[in-house]
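What follows is one structure encoded as structure tokens, with my remarks underneath.
The values are calculated or read from the model by the stated rules, or taken from the named source; none is laboratory data. Fair warning: this is a prediction, and the values are worked out from it, not measured in the lab. FYI the Cβ positions are ideal-geometry reconstructions off the backbone, even for glycines, and counts take in every protein chain you see. The area values use the complete protein model at the heavy-atom level, side chains included, leaving out ligands, DNA and RNA. Shrake-Rupley method; radii C 1.70, N 1.55, O 1.52, S 1.80 Å.
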Amino acid sequence: MPRLSGPIPFRARGFAPRDVPAAGVATLVALLALWQLAASLGWISTIFLSTPAGIAGAIRDLALSGELWMHLGASLQRLAIGWLAGTVAGLVVGFAIGLFTLARSPGMAVVSAFFPIPKIALVPLFIIWFGIGEGSKIATLAFGVFFPTVINTMAGVDGVPRGLIRMGQSFGLPWRSIVRKIVLPGALPAILSGFRITTSIAIVLLVAAEMIGAEKGIGAFVLSAGNLYDVDNLMAGIVVLSAIGLAASWLIGRIERALLGWR
Amino acid sequence: MTASSIRLEARGIRHAYRGLSVLEGIDLSVPPGEVLVLVGPSGCGKSTLLGILGGMLAPDGGSVRLDGEVAPDCLNPLTYVFQDFALLPWRTVAGNISLALEDTALPPAARRARVAEMLELTGLSRFADAWPKQLSGGMRQRVGIARALAVRPAVLLMDEPLSALDAQTRGLLQDELAAIIARSGVTVAYVTHNLAEAALLGQQIVVLSRRPGRVREILRIDRPIAGRTATDPDLLAVETRLWDLIRADAAEADRELERA
């Protein structure tokens, strides 16, 4: 029989990645520095790719001239109205599908049929329906936001443990109270994660809609800069769009922390 | 707390799931203030019967009635304590207890006082602002019991309330539960698969046969539940008797599960 003697080695290492925020920031700074260095040394042609310093300078100039605020204001207004309209409608329909038998099958049929349509393809149709002005752009955003909101809301309502609803019923809670005190808070995590997805979708559709027949807006500005081969301004517009996305994500994170502290 | 004077009666209860008969011809009567315990092998329909008694499940046949006087401060004649606690994770301990009182005519000040009283009764006063996730299993179930008792129910239905707890917590909470039930004087229907628990808490122990569940035998323990101990020879004898009644059915139910 073989003999065994010695300490037991620790075998449960790894598979537990940690988040180190400083490492993330350092990586971005290093990438920017490398990018700037590569351009300064002539490894990258600034005709095709701007430098971090060039982009920062373009943003500064746009801010000082007021052009940035004009385009940003127009984009944020469209984003807010379109996202809100799509979200409110999506929440109403999502809750209806999640709560009522009468709405479930018809609602699911409509959502299943329309959800896969690439929403950008509908921009020309919306221009025909709502004109080249704000209506078509807001409709594009709202339509794109509506379906994912419906699906997330419905999934959130479906995911509320039935045991909690039965508990509410056993305590004689009226229907409205069950929805307000049990279903809505129970569905909130899914709804808020849906908001993260819909803000990204809204930004993509915003740019697409603004590239078709808009004079103001970051999308229109990026297209115009591209037509002029103005790479600094083009990339400045992209950075601003990225900043809008980051700001929206930060705001949703704050809302999640405020409303979902119990998790 | 005002004593309940409600009798809970079930007559000719039968129920089937997708054609599979689960309960047949169940007759029960729980006199005011008495603790009825339902025991039986796995799958005999104990929880289904409790659901029917509580109006959470419509039986295929038979009827359930409440008869008697309801105390003036009773806000809901019939409440539940759930096996999985059924606490709202987004509400604090006090918020969960308050839930049962919020849609009643109780004014806010009286509601707060009632919540404080229930926290005191269940030893949770220091945890009023804690989230459910911060509590142990035993404490969570105390919240469930406090919530159920907050409305001063006439009848309390308890579906394996201690089965999700470890043995030590279960033992401690059994004693607390016995004291709380005795003090409140509420009529109780209690489901458990733990025979020692049945002997410790039951005044009327209904033994159900394996599926379809029928009343096989009813044992009575004519002693108040307050002061009972798990080591009492009479209660140990009841436990043995219960096991004798259930053993063959439990083994057969187990074999059925294996075959399925």
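Worth a mention:
- Residue within segment B:70-78 that is of a type outside the set (Val, Ile, Thr), open to solvent by less than 10 Å² (accessible area, probe 1.4 Å) and not assigned by TED's automatic domain parsing to the domain that holds residue B:177 present: no
- Scanning segment A:205-235 for residues that are open to solvent by 50 Å² or more (accessible area, probe 1.4 Å) and closer than 15 Å to residue A:77 by Cα yields a count of 2.
- Some residue of segment B:202-216 being surrounded by 15 or more Cβ atoms within 10 Å (Cβ to Cβ) and in contact with a Pro (Cβ under 7 Å, 6 or more places away or on another chain): yes
- Condition met for residue B:105 (in a loop (DSSP other than H, G, I, E, B), more than 17 Å from residue B:158 (Cβ to Cβ) and more than 8 Å from every other protein chain (Cβ to nearest Cβ)): yes
- Each residue in segment B:12-26 was checked for being surrounded by 14 or more Cβ atoms within 10 Å (Cβ to Cβ) and charged (D, E, K, R), and 2 of them qualify.
- The helices (runs of 4 or more DSSP H) located wholly in segment A:171-232 that include 2 or more residues which are more than 14 Å from every other protein chain (Cβ to nearest Cβ) occupy A:184-211, A:218-227.
- Note on segment B:146-186: among residues that are out of contact with any Gly (no Cβ under 6 Å at 6 or more places or on another chain) and of a type in the set (S, T, N, Q), the one that is farthest from the other protein chains (Cβ to nearest Cβ) is B:168.
- So residue A:241, is it within 23 Å of residue A:60 (Cβ to Cβ) and either part of a helix (DSSP H, G or I) or touching a Pro at 6+ places or on another chain (Cβ under 8 Å) (or both): yes
- Number of positions in segment B:27-48 that are at pLDDT below 90 and open to solvent by 60 Å² or more (accessible area, probe 1.4 Å): 1
- Selected residue (only one of A:139, A:109, A:121 is more than 26 Å from residue A:256 (Cβ to Cβ) and buried (at least 19 other Cβ atoms within 10 Å of the Cβ)): A:139
- Residue in segment A:150-164 that is in contact with a helix residue (DSSP H, G or I) (Cβ under 6 Å, 6 or more places away or on another chain), assigned to a helix (DSSP H, G or I), open to solvent by less than 20 Å² (accessible area, probe 1.4 Å) and within 14 Å of chain B (Cβ to nearest Cβ) present: yes
- Of the residues screened, residue B:152 is one that is farther than 30 Å from residue B:246 by Cα, buried (at least 20 other Cβ atoms within 10 Å of the Cβ) and of a type in the set (D, E, K, R).
- Cβ pairs under 9 Å, 6+ apart, first in segment A:71-83 and without any contact (Cβ under 8 Å) to a residue 12 or more places away in the chain, second open to solvent by 50 Å² or more (accessible area, probe 1.4 Å) and part of a helix (DSSP H, G or I): A:77/A:134
- Residue satisfying all of: in segment B:119-173; part of a loop (DSSP other than H, G, I, E, B) and among the β-branched types (Val, Ile, Thr); nearest to residue B:97 (Cα to Cα) among these: B:151
- Taking the listed residues B:195, B:135, the one that is surrounded by 20 or more Cβ atoms within 10 Å (Cβ to Cβ) and not aromatic (Phe, Trp, Tyr) is B:195, with no other qualifying.
- Test: residue A:117 is assigned to a helix (DSSP H, G or I) and either among the β-branched types (Val, Ile, Thr) or touching a strand residue (DSSP E or B) at 6+ places or on another chain (Cβ under 9 Å) (or both): no
- Any hit, segment B:224-231, residues being open to solvent by 60 Å² or more (accessible area, probe 1.4 Å), basic (Lys, Arg) and under 22 Å from residue B:162 (Cβ atoms): no
For every residue, the table says whether it meets (1) open to solvent by 80 Å² or more (accessible area, probe 1.4 Å); (2) touching an Asp or Glu at 6+ places or on another chain (Cβ under 9 Å).
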{"residue": "A:31", "(1), (2)": "yes, no"}
{"residue": "A:50", "(1), (2)": "no, yes"}
{"residue": "A:54", "(1), (2)": "no, yes"}
{"residue": "A:72", "(1), (2)": "no, no"}
{"residue": "A:75", "(1), (2)": "no, yes"}
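- Residue satisfying condition, being buried (at least 21 other Cβ atoms within 10 Å of the Cβ) and either under 29 Å from residue B:239 (Cα atoms) or within 13 Å of chain A (Cβ to nearest Cβ) (or both), within set B:55, B:51: B:51
- In segment B:82-96, the residue that is least open to solvent (accessible area, probe 1.4 Å) out of those that are within 11 Å of chain A (Cβ to nearest Cβ) and part of a helix (DSSP H, G or I) is B:96.
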